[in-house]
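First up is the structure itself, then whatever we jot down about it.
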Amino acid sequence: MADLRLGLLLNAVSPAVGGVLVRGEKGTAKSTMVRALAGLLPSIAVVGDCRFACDPAAPDPQCPDGTHPQAASLDRPAQLVELPVGVTEDRIVGSLDLERALAEGVKAYEPGLLARAHRGVLYIDEVNLLQDHVVDLLLDAAAMGRSYVEREGVSVRHAARFLLVGTMNPEEGELRPQLLDRFGLTVEIAATRDPVERAEVVRRRLAYDADPAGFAARYEAEERALAERITTARALLPSVELGDPALRQITAVCAAFEVDGLRADIVMARTAVALAAWDGRTAVAEEDVRKAAQLALPHRRRRNPFDAPGLDEEQLDRTLEEHAEPEPSPSPEDGPEDGPEDDGPGDGGPDGGGGGAPSDPTPDPSSDPGETPSQDAPPSPQIPKPGSSRESAPVAAGDPYRTRLFKVPGTGKGAQGRRSPAETDGGQTVRSRRPAGQLTRLHLAATLQAAAPHQVARGRDGRALVLRHDDFREQVRQGRESNLVLFVVDASGSMAARQRMTAVKGAVLSLLMDAYQRRDKIGMITFRGAGAELALPPTSSVEVGAARLEQLPTGGRTPLAAGLLRAHEVLRLERLRDPHRRPLLVVVTDGRATGGRAALAEAGQAAALLAAQGTAAVVLDCESGHVRLGLARTLAGQLGATAVTLDELRAEGVAALVHAHRPSASSQPRRKAA
């Protein structure tokens, strides 16, 4: 919480730092902390009749409300503008009244949330749940300090400089690395585990609920002092000097941690300067560089979706020390410095016996790796042999790789993503239609074409078209949607061979990474022993899925039917929760089922239930060995699914697969998800 407080205050001192991304578990007062910042910001002077909060001392020359010569000014508090998760692009940048523009021949523009946030705070709660094109729009405006509206021949530009703050719960999904990089600082917070501190939090909350005004008055003096310190630091900021030694340390740290691009260097420099101003100093010190690195670099070091943000403190200290400003060397007349005498090579240990390290004791072959052997240590339990009915220890996943693209057939209407075709707010305009409700995306050409034949009959006598409600047409855009990718993973004894399970986990990990890149939700069902378990309820957090996969044990019986029936139930509930998100079922199995033909028949009936719902599916055939029964491909036929082997899953094999499955080939046609 101290780092979060500091990060917000540094941005209040210098908005050029670039905002703060707050990552943390639910219930940690992220939103409360951000909302409290607005009350500490100094009031701003604005032009009285300007909708874009222009500064009277330096009005925006491109302000849509005019240049404001000799305009009257007034003081008002800096605004905190909150962005809801379901916000649309028109609400962010502003909306054009297209019906009025066409019917009356005038340009009518209504400012959006970016205009309201100018010179204030723009707060995005659950920023990781926003659609990508909305986040891109926000971060572009934050980087350029200006909002651009270009549509239907109308151009509007206005200043949009604000302190950007986003909060997110990593369990609900991650931001893309490109978007993470656009936030200046990041802070990871978690609730305290100290009972005394937790009790104080509860005590203060209860006191606030009982008397909000009295509670606020108790801390009024502290908040006033904090606000005055922000004002003082802002005034000192232009006088802070970033010397060459500190700048070299900044660039050396960014190079040592291999961050992409140069944005990290710039953000660290601005943060270090703001830290010096906050402490009332006019020169940047090494400690400022250290703290700036801790705030600006953790989220820029991720190399794949499963890397947790973080910073190696020892590497940071080592880099700072290596590139610190060298101390001046002593002059010759000072003489050599006194140092310890060389006692010779034989005096290397406390007993003077040559300094050799004592020999290590003979390792006990039954002890666990990494533990110090002991003569009294009992032997560790033996790991069961692969394929036995006993549970085997989890094995590590193989290295992930780029997989083939599997899509849900047809055209959906789900949330914008990167997997299956769908009608979306973004994408390419493919046709027009009459709006079912309020007009949102005008198709200008189609509207003019619909209205043109009726102009004479309607008595048009001026430049403006005579339009009726039935003339308006809206755009139908086709892009790609995100899907729910539900994994059903066989973790039974038939899959427990260590080398084989490593390859299977590597394949599932690769599909998880593909789901992350395509903005999908994921879920995971595992079946082994007596039944099936929902190991990961549907979520946007691929990191959690990777962690559950890594910890997955194997062994026991193979209840294939139970796994498919559990998938049927999960998908049924998810259709009720989110009817527009289409599922893609990925079954990872060798097709075997404990119980012989009766068990296989039950699995076939469960597969028929999923097929009857029209569930798109892929069967990842994990069967190995010289003798293959083809049970996984039989299951794929019952599901109406595509069956691929581990080798065929790789994207490099797509060309060979296309050649092998031409219509003239003897193989079975592709079904469902291709």
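The values are calculated or read from the model by the stated rules, or taken from the named source; none is laboratory data. Every value quoted in this text rests on a predicted model; they were computed, and no experiment measured them. When we count neighbours, we look across all protein chains shown, and the Cβ atoms used for this are built from the backbone with ideal geometry, even at glycine. Side chains are part of the model used for accessible areas, which takes the heavy atoms of the whole protein and leaves out ligands, DNA and RNA. Shrake-Rupley method; radii C 1.70, N 1.55, O 1.52, S 1.80 Å.
From THR67, THR28, THR88, grab the single residue that is more than 20 Å from the chain's Cα centre (by Cα) and hydroxyl-bearing (Ser, Thr, Tyr). None of the others qualify; the one that does is THR67. Scanning the stretch 489-508 turns up one or more residues that are open to solvent by less than 10 Å² (accessible area, probe 1.4 Å), within 30 Å of the chain's Cα centre (by Cα), charged (D, E, K, R) and at pLDDT 85 or above.
Each residue in the stretch 248-268 was checked for being touching a residue at least 12 places away in the same chain (Cβ under 8 Å) and open to solvent by 70 Å² or more (accessible area, probe 1.4 Å), and 4 pass. Among the residues making up the stretch 175-185, those that are touching a residue at least 40 places away in the same chain (Cβ under 8 Å) and either part of a helix (DSSP H, G or I) or open to solvent by less than 10 Å² (accessible area, probe 1.4 Å) (or both) are LEU175, PRO177, LEU179, LEU180, PHE183, GLY184, LEU185. Test LEU236 against the stated conditions and say whether it is closer than 15 Å to ASP3 by Cα and at pLDDT 95 or above. Answer is no for this residue. Only one entry in VAL508, VAL489 is in contact with a strand residue (DSSP E or B) (Cβ under 7 Å, 6 or more places away or on another chain), in contact (Cβ under 8 Å) with a residue 40 or more places away in the chain, assigned to a helix (DSSP H, G or I) and among the aliphatic types (A, V, I, L, M), namely VAL508.
Listed here are the residues, each with its yes/no results for (1) open to solvent by less than 60 Å² (accessible area, probe 1.4 Å); (2) part of a loop (DSSP other than H, G, I, E, B); (3) among the aromatic types (Phe, Trp, Tyr); (4) in contact (Cβ under 8 Å) with a residue 60 or more places away in the chain.
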{"site": "LEU552", "(1), (2), (3), (4)": "yes, yes, no, yes"}
{"site": "ALA562", "(1), (2), (3), (4)": "yes, no, no, no"}
{"site": "LEU584", "(1), (2), (3), (4)": "yes, no, no, yes"}
{"site": "VAL588", "(1), (2), (3), (4)": "yes, no, no, yes"}
{"site": "ALA593", "(1), (2), (3), (4)": "yes, yes, no, no"}
{"site": "ALA601", "(1), (2), (3), (4)": "yes, no, no, no"}
{"site": "ALA606", "(1), (2), (3), (4)": "yes, no, no, no"}
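Residue-wise test of (1) farther than 30 Å from LEU573 by Cβ; (2) in contact with a Pro (Cβ under 7 Å, 6 or more places away or on another chain).
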{"site": "GLY398", "(1), (2)": "yes, no"}
{"site": "THR403", "(1), (2)": "no, no"}
{"site": "THR411", "(1), (2)": "no, yes"}
{"site": "GLY417", "(1), (2)": "no, no"}
{"site": "THR424", "(1), (2)": "no, no"}
{"site": "ASP470", "(1), (2)": "yes, no"}
{"site": "GLU481", "(1), (2)": "no, no"}
{"site": "LEU486", "(1), (2)": "no, yes"}
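Please indicate, with yes or no, whether at least one residue in the stretch 278-285 is of a type outside the set (A, V, I, L, M), at pLDDT 60 or above and on the phi > 0 side of the Ramachandran plot. Checking the stretch 278-285: at least one residue is of a type outside the set (A, V, I, L, M), at pLDDT 60 or above and on the phi > 0 side of the Ramachandran plot. With respect to the conditions (1) surrounded by 16 or more Cβ atoms within 10 Å (Cβ to Cβ); (2) among the small types (Gly, Ala, Ser); (3) at pLDDT 80 or above, ALA199 lacks only one, and its number is (1).
For the stretch 210-218, the count of residues that are loosely packed, with under 11 Cβ neighbours inside 10 Å and touching a residue at least 60 places away in the same chain (Cβ under 8 Å) is zero. The set of residues in the stretch 147-158 being part of a strand (DSSP E or B) and open to solvent by 10 Å² or more (accessible area, probe 1.4 Å) consists of TYR148, GLU150, ARG151, VAL154, SER155, VAL156, ARG157. Residues in the stretch 520-533 that are open to solvent by 30 Å² or more (accessible area, probe 1.4 Å) and closer than 23 Å to GLY398 by Cα: LYS521, ARG528. Out of curiosity, is ARG441 at negative phi and open to solvent by 30 Å² or more (accessible area, probe 1.4 Å)? Here the answer is yes, as ARG441 does meet what is asked. In the set (1) part of a helix (DSSP H, G or I); (2) open to solvent by less than 40 Å² (accessible area, probe 1.4 Å); (3) more than 30 Å from ARG434 (Cα to Cα), the condition left unmet by ALA547 is number (2). When restricted to residues that are surrounded by 16 or more Cβ atoms within 10 Å (Cβ to Cβ), more than 18 Å from ARG161 (Cβ to Cβ) and among the polar types (S, T, N, Q), the stretch 1-50 contains 1.
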